[in-house]
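The values are calculated or read from the model by the stated rules, or taken from the named source; none is laboratory data. What you are looking at is a predicted structure, and each value in this text was computed from that prediction instead of being measured. Cβ coordinates were reconstructed from backbone atoms using ideal geometry, including for glycine residues, and neighbour counts include every protein chain displayed.
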Amino acid sequence: MTSSLPPSGRLPQPEFLPAARRELEQLGWAEVDILLIQGDAHLDHPANGPALLGRWLVAHGFRVGLISQPRWRDPAEARDDLTALGQPRLLAALSAGSMDSMLAHYTAFRQKRSTDALTPGGRTGARPNRATLVYAGLARAAFPGRPVLIGGLEASLRRLSHYDFWQDKLRPSILLEAKADLLVYGPGERPLLEVARRLAADGPQADLSGIPGTVTPGRAADPLEAGFWELPSHQAIQADPRRLMEATLAAEKIIHQGGPAARQITGDRSILVWPPARPLTTSELDDLYGLPFTRRAHPSLTEPVPALALLATSITTHRGCGGGCSFCSLALHQSRRMTSRSAASILAEAGRLARVKPVALSDVGAATANLWGSECGRSQPCRRRSCLWPQLCPHLRADQRAWLALLRQIADLPGIKQVRVASGIRYDLALTDEASLAEFLKHYVGGQLKVAPEHLDSSLLDLMRKPGPELFEKFMAFFRRVAGPGRFVIPYLLSGFPGSDLRRMRRLADWLQKRCWRPRQVQAFIPTPGTVATAMYYAGIDENGQPLAVARTDRERRAQHDLLAPKVQSKN
């Protein structure tokens, strides 16, 4: 493979991104150019967004430090943590972590979670509620005169006015609440690199407007630029909740179709949402994942980080998801446009893992594992909301044989004891090639296979943008026929989805009972910021503006959930 990264001789990759002054001195750096701040533990693993971005920036010539889980309760302690590497020369950029901090802390019924898998020892409380807002305030105080950027999943999904389930209220763009200089949405490699280059060239007063994949603050009085969409204002949505659906569908269209830019007004302020950044190419993804990650926790951590047990032997194969499910935040963050790593890159990573000692790979995949290598055959912009619903798009090229060939090649590498795909698969796509599906089920599934039928009511599945129940029945029949003993399907089911009621939930419970089936994962619907399903919940309408029954109170939602809860191990 030919690398697209610049020559690395002038700035070698450190073993870990520095987190303390002595680590800077060991590298011979007097200061960092960019300081990254995160709500997760410091894991040098490509699944950790700040570690990934940091190594990408180092590869492009910038000195990067990483502060993880700063002590946030006391301003003096927080300042000590954030300034451990001194003042960054260019900027500070922060993320709440791999999850929305409220979702990380609270269940669907607003009960506090007892563990945090991305914190040493699994302890809770290492990151605050609404971590992006808290960290932004601390960073502004610690680094006066330096631009403060916010990003990551929490900021990305809250870039527009959004419904906040935990407060049951509409909140404005998190960029305005955080008083940050810029918001990066979606994967941050291109936007953050462009920001760093502009600041390096022009100093703190550099013009940061117009960068794809970013949101900038503005004034409501400024004239709307030509070609911009005007989204419903914050106040308009407050006055008429149905307009959240209008804004959400417009935002979804922008990220799936690559633009245009848009503006949203909140009082006398506004935000400008620039078109999404171009996805990294296959070559760029190969370079990125080929950087020298140690896959270990930073040496300063004295307790194990629970999530690392699985992450350490996992491989990410691609980005994006063509599913476009109405409740899923992934496509809003990474888009429906999928980009895959090359087989050579993935094999090289597996080989590196097996070089030290024989290894069993815990997962080779992504959000939807069997979409690796997928491409769109259209030459024109696509207006579909999903590549897979209501039927598989005829322009989608998703070669299941090539995917199985990749898994087979990995399994044949010296030192690879076994290959497992713990990521979910799309069974509607898998059923298009039953020979490949049979091989997958026999050789690459451990005891459990994750699939997500979500429900078995056709009208609800349409609202979710999921395939009908007949396909799940077909898949289960195939699975029972070929999977063999000791393998089980773990279906993910949703209770309380907008449009659901007790009658529909009883039908699902009866269906399960008649088949003597006790699924282990039932999730009560959580309206996460930015999704179409959350707009349904808030506005009480479907995508076409038709009224929907919505279980709003915890009592109503619990009544639906409890129809299945006695039969399942709930996951909330």
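Numbers below:
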{"item": "Hits in the range 195-248 (condition: within 27 Å of the chain's Cα centre (by Cα) and hydrophobic (A, V, I, L, M, F, W, C))", "result": "Val195, Ala196, Leu208, Ile211, Val215, Phe228, Trp229, Leu231, Ile237, Leu244, Met245, Ala247"}
{"item": "The one condition in (1) more than 28 Å from Ala250 (Cα to Cα); (2) out of contact with any Ser or Thr (no Cβ under 9 Å at 6 or more places or on another chain); (3) free of Cβ contacts under 8 Å to residues at least 12 places away in the same chain that Arg506 fails to fulfil", "result": "(3)"}
{"item": "Top-ranked residue in the range 484-497 [being over 31 Å from the mean Cα position of the chain (by Cα) and in contact (Cβ under 8 Å) with a residue 24 or more places away in the chain; ranked as surrounded by the most Cβ atoms within 10 Å (Cβ to Cβ)]", "result": "Gly484"}
{"item": "Residue count, the range 25-47 (criterion: in a loop (DSSP other than H, G, I, E, B) and touching a residue at least 60 places away in the same chain (Cβ under 8 Å))", "result": "8"}
{"item": "Index of the failed condition, Ser500 passing every other in (1) under 23 Å from Thr432 (Cβ atoms); (2) part of a loop (DSSP other than H, G, I, E, B); (3) in contact (Cβ under 8 Å) with a residue 60 or more places away in the chain", "result": "(1)"}
{"item": "Ala221 of a type in the set (A, V, I, L, M, F, W, C), modelled with pLDDT under 95 and part of a loop (DSSP other than H, G, I, E, B)", "result": "no"}
{"item": "Complete set of residues in the range 138-160 that are of a type in the set (Gly, Ala, Ser) and part of a helix (DSSP H, G or I)", "result": "Ala139, Ala141, Ala142, Gly152, Ala155, Ser156"}
{"item": "Filtered residue count, the range 266-275, keeping only those that are surrounded by fewer than 16 Cβ atoms within 10 Å (Cβ to Cβ) and in contact with a strand residue (DSSP E or B) (Cβ under 8 Å, 6 or more places away or on another chain)", "result": "1"}
{"item": "Given (1) under 21 Å from Ala535 (Cα atoms); (2) part of a strand (DSSP E or B); (3) out of contact with any helix residue (DSSP H, G or I) (no Cβ under 8 Å at 6 or more places or on another chain), number of the condition Ile265 does not satisfy", "result": "(3)"}
{"item": "Residue in the range 98-107 that is touching a helix residue (DSSP H, G or I) at 6+ places or on another chain (Cβ under 6 Å) and more than 17 Å from Trp72 (Cβ to Cβ) present", "result": "no"}
{"item": "Failed item, numbered, when Arg22 is tested on (1) outside any loop (DSSP other than H, G, I, E, B); (2) basic (Lys, Arg); (3) in contact with a helix residue (DSSP H, G or I) (Cβ under 9 Å, 6 or more places away or on another chain)", "result": "(3)"}
{"item": "Failed item in (1) closer than 27 Å to Gly496 by Cα; (2) surrounded by 24 or more Cβ atoms within 10 Å (Cβ to Cβ), with His105 passing the rest", "result": "(2)"}
{"item": "Candidates Ala539, Ala549 - the one that is of a type outside the set (Asp, Glu), under 26 Å from Pro232 (Cβ atoms) and out of contact with any Lys or Arg (no Cβ under 7 Å at 6 or more places or on another chain)", "result": "Ala549"}
{"item": "Residue in the range 268-289 that is farthest from Tyr537 (Cα to Cα), counting only those that are in a loop (DSSP other than H, G, I, E, B) and not hydroxyl-bearing (Ser, Thr, Tyr)", "result": "Leu280"}
{"item": "Scan of the range 180-208 for residues that are assigned to a loop (DSSP other than H, G, I, E, B) and surrounded by 13 or more Cβ atoms within 10 Å (Cβ to Cβ), ordered by number", "result": "Ala180, Asp181, Tyr185, Gly186, Pro187, Gly188, Ala206, Leu208"}
{"item": "Residue selected from the range 440-483 under the condition free of Cβ contacts under 8 Å to residues at least 60 places away in the same chain, assigned to a helix (DSSP H, G or I) and among the aliphatic types (A, V, I, L, M), by the criterion farthest from Ile526 (Cα to Cα)", "result": "Val482"}
{"item": "Exclusive hit being in contact with a strand residue (DSSP E or B) (Cβ under 6 Å, 6 or more places away or on another chain) and not assigned by TED's automatic domain parsing to the domain that holds Arg552, set Arg263, Arg190", "result": "Arg263"}
{"item": "Filter pass, Leu170 being part of a strand (DSSP E or B), surrounded by fewer than 18 Cβ atoms within 10 Å (Cβ to Cβ), modelled with pLDDT of 95 or more and touching a helix residue (DSSP H, G or I) at 6+ places or on another chain (Cβ under 9 Å)", "result": "yes"}
{"item": "Criterion: surrounded by fewer than 21 Cβ atoms within 10 Å (Cβ to Cβ), without any contact (Cβ under 8 Å) to a residue 60 or more places away in the chain and under 24 Å from Glu154 (Cα atoms) - qualifying residue of Leu280, Leu330, Leu310", "result": "Leu330"}
{"item": "So Ala180, is it assigned by TED's automatic domain parsing to the domain that holds Gly49 and out of contact with any strand residue (DSSP E or B) (no Cβ under 7 Å at 6 or more places or on another chain)", "result": "no"}
{"item": "Of the criteria (1) without any contact (Cβ under 8 Å) to a residue 12 or more places away in the chain; (2) in a loop (DSSP other than H, G, I, E, B); (3) of a type in the set (Lys, Arg), which one Arg89 fails", "result": "(1)"}
{"item": "Pro232 vs. criteria out of contact with any Phe, Trp or Tyr (no Cβ under 7 Å at 6 or more places or on another chain) and outside the structural domain of Thr553 (by TED's automatic domain parsing)", "result": "yes"}
{"item": "Among the candidates Tyr163, Tyr135, residue that is aromatic (Phe, Trp, Tyr), modelled with pLDDT of 95 or more and in a helix (DSSP H, G or I)", "result": "Tyr135"}
{"item": "Complete set of residues in the range 108-123 that are among the β-branched types (Val, Ile, Thr) and surrounded by 14 or more Cβ atoms within 10 Å (Cβ to Cβ)", "result": "Thr119"}
